[in-house]
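What follows is calculated from the coordinates using simple rules that are stated; it is not laboratory data. Source: prediction; values computed, not measured. Positions of Cβ are generated from backbone atoms using ideal geometry, with glycine treated the same way; all protein chains shown enter the neighbour counts.
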Amino acid sequence: MEQSGQPKVSINELAQQMNAQPDEMPIFYDKAEGEFIPIEDRFFRAVEDGETEEYYSTDWEKETFRKAQDIWESDKYVRIPSNFEIHEWEIMKDFCYTVDDENIRDDLLNAIHGRGAFRMFKDKIIHYGIRQDWFDFRDEQFAEIARRWCDSNDLDYTEDQ
């Protein structure tokens, strides 16, 4: 069902935004303009604390503060899924179970437990020559998360490349 007047969300762009989002800088989607807007947490804390734009000395800080205020007060923005909501470790685990070779699969599953799991996993997929398989799997998982996010926020989307 198409939302009147709203641009369609690019699944590819949304997945890229989710992938690149730092923990301290949430990204919001402007439903009216179809834009992704990253805003540092400190600006939302300032809005919540009742500060004004005069607190800031540079034009970009003032503009960012005003945007944070607009996001805080408006329902035309939706926060995209954060790293905490994406659970990349679960995606790594799911990938391990797609590997046909039982020895490789077991080695990967062992690698994702304990300290340095992400580094160990990366080293193993390079060692076994399945790095691109991982990236393809991960990209599809991010795209699926993006589709579900759009559906849950009543946003139309496009499967562009």
Exercise. Once amide H atoms are built 1.01 Å from N in the peptide plane, which residues 5 or more positions from D156, or in another chain, come under 5 Å H to H?
Worked result: Q3, V9
Problem set entry | Crossing angle, helix 59-73 versus the chain [Cα axis fit, 0-90 degrees, rounded to tens] | 80 degrees
Exercise. Given H placed on each backbone N at 1.01 Å, which residues far from R79 in sequence or on other chains put an amide H within less than 5 Å of it?
Worked result: Y29
Exercise. What is the fewest-to-most order of C96, C150 by other Cβ atoms lying within 10 Å of their Cβ?
Worked result: C150, C96
Exercise. Given the C-alpha centroids of the range 1-49 and the range 85-161, what is the distance between them in whole angstrom?
Worked result: 23 Å
For this session: Evaluate the relative contact order of the chain (contact order divided by residue number), counting alpha-carbon pairs under 8 angstrom at least 6 apart; express in whole percent.
Result: 34 percent
Problem set entry | Gained length - D94 relative to D133, 0.36 nm times residue gap less alpha-carbon distance | 12.8 nm
Exercise. Mind checking which aspartates and glutamates have their C-alpha under 20 Å from K62, skipping anything on the same chain fewer than 8 residues away?
Worked result: E24, D30, E35, E40, D41, E48, D49, E51, E53, E54, D70, E73
Exercise. Which residue, N83, N12, N103, has the most motion in a Gaussian network model of the chain that connects Cα atoms within less than 10 Å?
Worked result: N103
For this session: Averaging over all projection directions, find the projected area of the Cα convex hull of the chain and quote it in nm² with one decimal place.
Result: 12.2 nm²
Exercise. Against the longest alpha carbon principal axis of the chain, how many degrees, from 0 to 90 and to the nearest 10, is the axis of helix 117-127 turned?
Worked result: 50 degrees
Seminar exercise, completed: Karplus ³J(HN,Hα) for the range 93-103 (6.51 cos²θ - 1.76 cosθ + 1.60, θ = phi - 60°; Hz, whole; x = Gly/Pro) runs 4, 4, 4, 3, 6, 8, 7, 5, 5, 4, 5
Problem set entry | Debye intensity ratio I(q)/I(0), log10, the range 87-161, q values 0.14, 0.19 Å⁻¹ (C-alpha model) | -0.51, -0.77
